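K.L.:
I'd like to ask you about the structure that follows.
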Amino acid sequence: MRNVDGNGEQTHYVKRVLLPSGKTIEVVYFRDSGDVAEPAEAALQAPRTTEDPPAETHQDLHVCMECTSELVYPVEWEESGEENWSVLLHCPNCDVYREGVFTQHTVEVFDEELDRGADALARDYKRLMRANMSEEIDRFAGALDSGAILPEDF
């Protein structure tokens, strides 16, 4: 989508970006008023000041390069060129931060691993909640049976 001003010149354009999570967002690029008019094809591409940095080789981003912990998570990530992502990673085990540029595929694999980890956390949390609730119910039933709780307690 491109908008033009009263003189028929393009003022901004919208680029759809597919995030590693599968969600799509729209990024609006505005043209400076002092810019020279761009050809239509060039206006549809994200502006670049330098060449896109090369992506690192495929790797398991959830694994720390220092301590091999599998708990690495992203702190920030943003587009880096047309097909790559710049990602700031943090390992909570050894407190190491590292930043790198990775391919769309590498980031998608990382995103899937993050989803698996979130699912595992949710399952463990629910299991813990049920176990805690079961213990509380047993204690409450025991208190009722022993007469330690009376109607006036409520």
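K.L.:
Within the range 44-133, considering only strands (runs of 3 or more DSSP E) that don't extend past its boundaries, which have at least 2 residues that are closer than 16 Å to Val17 by Cβ, open to solvent by 60 Å² or more (accessible area, probe 1.4 Å) and touching a strand residue (DSSP E or B) at 6+ places or on another chain (Cβ under 6 Å)?
P.N.:
In the range 44-133, the matching strands (runs of 3 or more DSSP E) lie at 73-80.
K.L.:
Can you name the residue in the range 142-154 that is assigned to a helix (DSSP H, G or I) and either of a type in the set (Ser, Thr, Tyr) or exposed (fewer than 11 other Cβ atoms within 10 Å of the Cβ) (or both) and is also modelled with the highest pLDDT among such residues?
P.N.:
Here the residue is Asp145.
K.L.:
How about the range 98-112: which of its residues are over 13 Å from Gly81 (Cβ atoms) and more than 14 Å from the chain's Cα centre (by Cα)?
P.N.:
Scanning the range 98-112 gives Arg98, Glu99, Gly100, His105.
The values are calculated or read from the model by the stated rules, or taken from the named source; none is laboratory data. A quick note: this is a predicted structure, and the numbers were derived from the prediction, not measured. Please note: Cβ atoms are built from the backbone with ideal geometry, for glycine as well, and neighbour counts cover all protein chains shown. Areas reflect the complete protein model, heavy atoms only, side chains present, ligands, DNA and RNA absent. Shrake-Rupley method; radii C 1.70, N 1.55, O 1.52, S 1.80 Å.
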